[in-house]
Each structure stands twice: as structure tokens, then as C-alpha cells.
Amino acid sequence: MAEATSRCHCSVPYCSSNKRRQPYLSFHAFPSCKYDRKKWVHVIRRDESLTFNILRGSTYVCSRHFIEADYTAATGRKRLRKGAVPSRFHWNNWGDSSRLTVYDGGVDRRGLDPSQNGDIVPEVPPKAGADHDYAVAPLPGAQDAAAARIQELEAEVRRLETELGQLKINQSLSQFQRFCASDEDIRFYTSFPSEKVFLAFWKAIEPSASMMVYWSLAQKKGHTAGMEASQSHQRSLPLIDEFFLYCCHVSAGLKEKMLADIFKISLSTVSRVIITWANYLYLIFGSLPVWMSRKQVNSTMPEKFR
């Protein structure tokens with residue numbers, strides 16, 4: 001079973017022996033007997049797995065792990081006896097049975113026999129505590145305090161949910177709906193006499209206003225290119241809020257900086273919206289006749305001027 005190849009390495013943990021560095025050692029392959037091989041694997045504290053495969057010609061145990069009685073020289077050559085098992089390892093002090101560990105009960109570390117020493121108090125195992133804190137009964141009043149705290153937290157959650165819902169409603173409303181809650185608000189911000197008149201005018205101009213191109217975009221790309229770009233242009237405000245912003249500036253006299261803060265847009269966007277709507281409304285109202293026709297003048301003219 002001994003092997004003299006220079007590629008031999010010991011498979012025992014904590015042992016770095018190999019034939020090249022220790023040519024005086026002999027290396028023994030694992031037994032072919034399945035039962036004996038399992039005994040070797042067990043005593044060297046290894047498990048056959050993907051990281052440790054016993055292969056013939058490459059898996060060995062060096063002679064450092066065997067005692068002299070494991071060998072026989074009956075044939076004139078020193079060989080392992082049949083059934084020999086390695087017994088000298090790093091974790092058992094290389095088989096030195098004379099050195100007892102602290103776990104040996106016969107003799108303590110001072111070399112005294114516990115049965116003959118009356119001064120030594122036997123070690124009492126520590127008292128086992130509760131496995132979990134929930135095995136202990138809660139303090140008096142703790143459950144009532146916890147229930148009160150839970151009710152407070154639930155009330156806080158309901159309050160926050162209500163505030164969140166109100167914020168979502170406010171965000172879904174247009175600025176026109178927020179500021180113009182009555183006809184008085186309509187007259188102040190837009191100079192329209194009532195909400196009914198304002199909405200009637202808005203329905204009249206909405207179809208053409210939806211095709212409107214921002215003034216700056218039309219200046220950069222020209223009118224034709226601007227019409228094509230208007231389909232994909234994203235507005236900062238709903239269209240009705242743009243018209244409401246223009247009315248606030250013209251009718252209520254609100255400054256552009258204030259409008260930027262109210263509508264939460266940049267100052268340049270406010271300026272662009274005002275210029276765009278001014279040009280658009282000029283085109284709309286410019287097509288309407290300002291003066292009465294001759295027939296209307298004659299019909300309403302006082303008799304003295306006829």
C-alpha cells in the first residue's frame with residue numbers, strides 16, 4: 001500500500017506532508033475494502049464529497065499517522081498490517097495518551113484525584129434560564145399601556161391617511177378650481193361676471209387653444225415646424241390653468257414672480273404662457289368686428305343726426 005511517487009500528498013487535515021519535501025515518509029493509499037475505507041475516512045475527519053474524492057493513485061495518508069504496531073515486516077519489506085487504521089493526528093496530540101485534557105474526569109489539571117480531595121467542591125451546572133422572553137408573564141399594566149399606545153398609533157395613521165387623501169385631491173384639482181370657488185372669486189381673478197360665463201367662453205376657445213404652439217417654440221422652428229411639434233409637446237400646466245394664469249396677470253394684476261410661486265412653475269414658463277396667450281387672444285378677438293355696421297348705425301342714430 002506504500003507509494004513512492006513524488007506527487008504523493010497526505011489527505012489528513014492539518015497535515016502538509018508530501019513525498020517531495022519528506023522523502024523519508026511512506027504514503028499509503030486508502031484500502032480497497034469498502035468497510036476499512038469508511039473507517040479511515042471517519043478517523044481522519046473527512047467526508048467524501050465534491051471537495052474530497054478518494055481516487056486510487058492520488059489519495060494517500062502518510063506514515064506519520066500510524067503507530068509502529070500497525071506495520072509488519074513478515075515479507076522483509078515494511079508494510080501496513082491488514083485492518084490497520086491511522087490513529088495519530090493533530091487533534092489527539094499525535095496519539096499521546098499520557099497527556100490528559102481538561103475534559104478527562106479521572107485527574108484534574110493539578111494532578112489530583114477528585115475522589116480523594118475533599119476540599120474540591122463539585123461543579124454545579126448553571127441554572128437554565130427561560131428560553132424566550134415571551135415565556136415570562138408581562139408586568140402588571142404593561143398590556144394596558146401597549147393597547148393605549150396601539151390606539152394612539154392607529155389614530156395617527158388615520159390622520160395621516162386623511163391628509164394624504166386631501167393632498168391627492170388638491171393635486172388633482174386645477175388651479176382654476178382651487179382659486180375660483182365662487183362668482184366673486186371669478187370676478188376678482190378673471191373679470192368675467194360669473195363662472196357660467198367663464199366656462200362658456202372657455203368651451204368656445206378650447207378646440208383652437210389645444211392646437212396652440214408656445215411662442216418661443218414657434219420663434220425657434222417657425223410656424224409650420226411648430227405645428228408639427230405641438231402634438232408631442234408636454235405642457236407644464238393644464239390648458240385651462242394657462243388661460244387662468246393669463247387672466248390673473250391681466251385682470252388681477254398679479255406679477256409674474258407671484259404667479260410662478262402660485263402655479264409652481266419657473267419664471268420663464270410664466271412669461272412664455274403670457275406671451276403665447278396674448279398673441280392667441282389677439283388673433284381670436286382681432287377677427288371680430290369692433291365697429292357697428294352702417295345699417296346698425298343708421299338704425300340707432302338719434303333723429304337729430306339723421
**OP:** Kindly establish whether I275 is surrounded by 15 or more Cβ atoms within 10 Å (Cβ to Cβ) and assigned to a helix (DSSP H, G or I).
**Re:** yes
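Would you mind listing the helices (runs of 4 or more DSSP H) fully within the stretch 124-225 where at least 3 residues are at pLDDT below 80 and under 30 Å from V270 (Cβ atoms)?
Working: elements: 142-172, 175-179, 183-190, 195-209.
Helices (runs of 4 or more DSSP H) meeting the threshold: 142-172.
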**OP:** Consider only pairs whose beta carbons are under 7 Å apart and that are at least six residues apart or on different chains; among these, list those whose first residue lies in the stretch 49-73 and is of a type in the set (D, E) and whose second residue is at pLDDT below 80.
**Re:** none
Original post:
Consider S32 against the criteria (1) surrounded by 16 or more Cβ atoms within 10 Å (Cβ to Cβ); (2) over 21 Å from W91 (Cβ atoms): it satisfies all of them except one. Which criterion is unmet?
Top reply: (1)
**OP:** With the condition kept exactly as written, say whether any residue in the stretch 78-97 is under 50 Å from the mean Cα position of the chain (by Cα), modelled with pLDDT of 80 or more and surrounded by 16 or more Cβ atoms within 10 Å (Cβ to Cβ).
**Re:** yes
Original post:
When only residues in the stretch 55-66 that are under 21 Å from Y35 (Cβ atoms) and at pLDDT 85 or above count, which is surrounded by the fewest Cβ atoms within 10 Å (Cβ to Cβ)?
Top reply: T59
**OP:** Quickly run through the stretch 23-76 and pick out the residues that are of a type in the set (F, W, Y), under 50 Å from the mean Cα position of the chain (by Cα) and in a helix (DSSP H, G or I).
**Re:** W40
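The values are calculated or read from the model by the stated rules, or taken from the named source; none is laboratory data. Just so we're clear, the structure is a prediction, and the values are computed from it rather than from any experiment. Cβ coordinates were reconstructed from backbone atoms using ideal geometry, including for glycine residues, and neighbour counts include every protein chain displayed.
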